[in-house]
1. If you take the residues in the stretch B:40-57 that are free of Cβ contacts under 8 Å to residues at least 12 places away in the same chain and among the charged types (D, E, K, R), which one is surrounded by the most Cβ atoms within 10 Å (Cβ to Cβ)?
2. Within the stretch A:51-59, is even one residue more than 9 Å from every other protein chain (Cβ to nearest Cβ), touching a residue at least 24 places away in the same chain (Cβ under 8 Å), within 30 Å of A:Arg246 (Cα to Cα) and β-branched (Val, Ile, Thr)?
3. Would you mind finding the one in B:Ala145, B:Ala92 that is more than 14 Å from chain A (Cβ to nearest Cβ), modelled with pLDDT of 95 or more and surrounded by 24 or more Cβ atoms within 10 Å (Cβ to Cβ)?
4. Within the stretch A:202-213, which residues are in contact (Cβ under 8 Å) with a residue 60 or more places away in the chain and assigned to a helix (DSSP H, G or I)?
5. Every residue in the stretch A:84-97 that is facing another protein chain (nearest Cβ under 10 Å), touching a residue at least 12 places away in the same chain (Cβ under 8 Å) and either acidic (Asp, Glu) or not in a strand (DSSP E or B) (or both), please.
6. When you look at A:Ile66, is it within 11 Å of chain B (Cβ to nearest Cβ), of a type outside the set (Phe, Trp, Tyr) and within 25 Å of A:Gly228 (Cα to Cα), yes or no?
7. Limited to the stretch A:35-83, what total is found for residues that are part of a loop (DSSP other than H, G, I, E, B) and on the phi > 0 side of the Ramachandran plot?
8. Could you name every one of the helices (runs of 4 or more DSSP H) located completely within the stretch B:8-102 that has at least 3 residues being in contact with a Leu (Cβ under 9 Å, 6 or more places away or on another chain)?
Amino acid sequence: MEAENKNDDKTAKGGIVIDIDGLVFGYRSFPILKGITVKFDRPGMVSIVGPNGVGKSTLIHCMNKILTPREGSVLIDGEDVRNISVKSLAKIMGYVPYTVTNTFPISVIDTVMMGRHPHSKFGSLDEDLEISYDMLDRLGIADLSMRQLNELSAGQLQKVILAKGLAQQPRVLLLDEPTSNLDVKHQLGVARLLAQISRESGMLTIMICHDLNIAAKYSDKVMMMSEGKVFAYGTPEEVFTRENIRQVYDVDCEVIEDQGRPHIILRD
Amino acid sequence: MNRDVASWFRRKRRNGILFASAVFLIAVLMIFLSLPVSQIDIGLSEAYRIFIDGLNGVKPADFESFLKMKIVYEENGPRAIGAVCAGAVLAASGAALQNLIRNPLADPYTLGISSGALFGMVVSVSFGFSVIPFLNELDGQITNAFIFSLVPTAVVVFISAFKKVSPTMMILCGIAVMYIFTAMTTMIKYTMEPETLAQVYSWSIGSVSGLSWGSVPKFFAAVAVTLVPLMYFHRRIDIVAQGDNGALTLGINPNRLRILCLIAVSVGTSVIVCYTGTIGFVGLVAPHIARAFVGSGCRSLIPASAAIGSVMVLGSDIAIRMIAPSLPVGVMIALICSPVFILVLIRMKRNNW
């Protein structure tokens, strides 16, 4: 369930440590998270997988102060998030929501520029523009910069929201199903880019993902959740086993190896 | 390509400010053109001479010049400035509130701020009751109006102590509060003397007649109190417009921002309402016309809305003065601007909201 001893080489390089201890959250009497204890202690890509309603989004919302847990704590580099102001938190932790409200649409570049808000100060406009454009470019949608949000397809919009999160240049990026509206090519592209940026900049990327094969292909670690608890946490090989998938999803499958990573073939 | 985007970005910002400035210039020009507009025949150059005489404190020589001095300098001058300021405050407030609450129907009127202010004023006028004692009559009215204009905000804050208040709930609360205040104002109207009733009636539609130079500093103060904070928060308002969770993770507390802006809007609106009554429609429509020209980023939207609002109120007042001087300006705003608004909706390139 945990593999913490064999990685002393990378933790030293300024990686951020998130320590979640006994996290409990519930709406009224209905419990959603029933005691989550997990430690993310090195940069890289972590995927959170699990069936609908097991509390994946709730867990992420407890990490970035959108929700306040009933019990337990989330420590970021040893400091409880409860004691970190939203303003300071925004400098180190980014969040890519499932979608954005689009009542009064504005342009793509304006939207991505918002991600620079925690860092921007008087006179930083050029730099902010540069970084925002660069993120759009890396996602392959630089040509959409001058378009309005309401003219975009769902997949394009999702990439813009992702660019907004990346422009924030956080040390931890939390993503809620960032590839759900994308076609297969762009699913792979986005997951690959996230893994690459995590590696390059030492960012910890925590992504909720419903596509087990995407998670298996690009994650350094996978956390499988079941009924408000951590069912398994480890490398993709350790987590994605036929037995685990049957227990958590109630689906039969076959796990084969493909390009050195597990590949899951679902059976009916 | 990158250079294209950067220059496009800058050009768009510059154009937004240019548009707002151009419309504002039209409003200023209209102030000057409106000076001679009245039921008696005064030439434009004559009007300026009278106005400058008035500024220099020259005493009128005969009855005719006394009358003209009264119309041009003492009535039309402050009336035009009041109309411009009222339009600016209401429209800028509407623009910011629509983005903050993510609802195209939000404005000081639908959020109950205007009717709260009107109720506070009516209470003061008819019962002589002032929430804060020992003020002169006018200050008593203004403070009353301000305190009651905060009621919708207070209701939202009160509810948020028990449960999470969504932006849609905020506007529904506002509408409920608006109806309560309107009903109470109507009840008070039944007990009123006919003269006060006529005054309150025209207030409830919105009127800029009867303003004096003494009120002009307060109008300017209302503009400053509303526009300065809203412009200071413009970027944060845009971020909140895309969703509360996203804003929170960018370091902005969305509910606190909404309450701060609601207070700024309440202060400005209550001052305006004390002098002009509840002018509806401007706060709702001017921002939408502005959106069609400068987009929905608050940096351009707030000043552009303010400028368009100014032109709307002053333009309507000029029309009133030419056609039927006794009508409240609110009637003419609705009459002229609704068709313009529908035209803008039809001509709009995209179905934006």
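1. Our first condition is that a residue be free of Cβ contacts under 8 Å to residues at least 12 places away in the same chain; within the stretch B:40-57, this holds for B:41, B:43-45, B:49, B:52, B:56-57.
Now restrict to residues that are among the charged types (D, E, K, R): B:41, B:49.
Working: B:Asp41: 8, B:Arg49: 14.
Applying the filter and picking the extreme gives B:Arg49.
2. Narrowing the stretch A:51-59 to residues more than 9 Å from every other protein chain (Cβ to nearest Cβ): A:51-59.
Checking which are touching a residue at least 24 places away in the same chain (Cβ under 8 Å) leaves us with A:51, A:54-59.
Checking which are within 30 Å of A:Arg246 (Cα to Cα) leaves us with A:51, A:54-59.
Applying the additional criterion that residues be β-branched (Val, Ile, Thr) yields A:54, A:58.
Yes, the stretch A:51-59 contains at least one residue that is more than 9 Å from every other protein chain (Cβ to nearest Cβ), touching a residue at least 24 places away in the same chain (Cβ under 8 Å), within 30 Å of A:Arg246 (Cα to Cα) and β-branched (Val, Ile, Thr).
3. Numbers: B:Ala145 fails: modelled with pLDDT of 95 or more.
Going through B:Ala145, B:Ala92 in turn, the sole match is B:Ala92.
4. So the first thing to find is which residues in the stretch A:202-213 are in contact (Cβ under 8 Å) with a residue 60 or more places away in the chain, and the list is A:202-210, A:212.
If the condition is that a residue be in contact (Cβ under 8 Å) with a residue 60 or more places away in the chain and assigned to a helix (DSSP H, G or I), then A:Leu212 is the only one that fits.
5. Applying the first criterion (facing another protein chain (nearest Cβ under 10 Å)) to the stretch A:84-97 yields A:85-91, A:93-97.
If we keep only those that are touching a residue at least 12 places away in the same chain (Cβ under 8 Å) as well, we get A:86-87, A:89-91, A:93-97.
A:Val86, A:Lys87, A:Leu89, A:Ala90, A:Lys91, A:Pro97, listed by residue number.
6. Working: within 11 Å of chain B (Cβ to nearest Cβ): yes; of a type outside the set (Phe, Trp, Tyr): yes; within 25 Å of A:Gly228 (Cα to Cα): yes.
Answer is yes for this residue.
7. First pass over the stretch A:35-83, keeping only residues part of a loop (DSSP other than H, G, I, E, B): A:41-43, A:50-55, A:64-70, A:77-78.
Then keep just the ones that are on the phi > 0 side of the Ramachandran plot; that gives A:50, A:53, A:55, A:65, A:77-78.
The total comes to 6.
8. Working: elements: B:44-56, B:63-69, B:77-101.
The helices (runs of 4 or more DSSP H) meeting that bar are B:44-56, B:77-101.
The values are calculated or read from the model by the stated rules, or taken from the named source; none is laboratory data. Because the structure is a prediction, the values reported are computed rather than measured. Ideal geometry is used to build each Cβ from the backbone, glycine not excepted, and the neighbour counts take in all protein chains shown.
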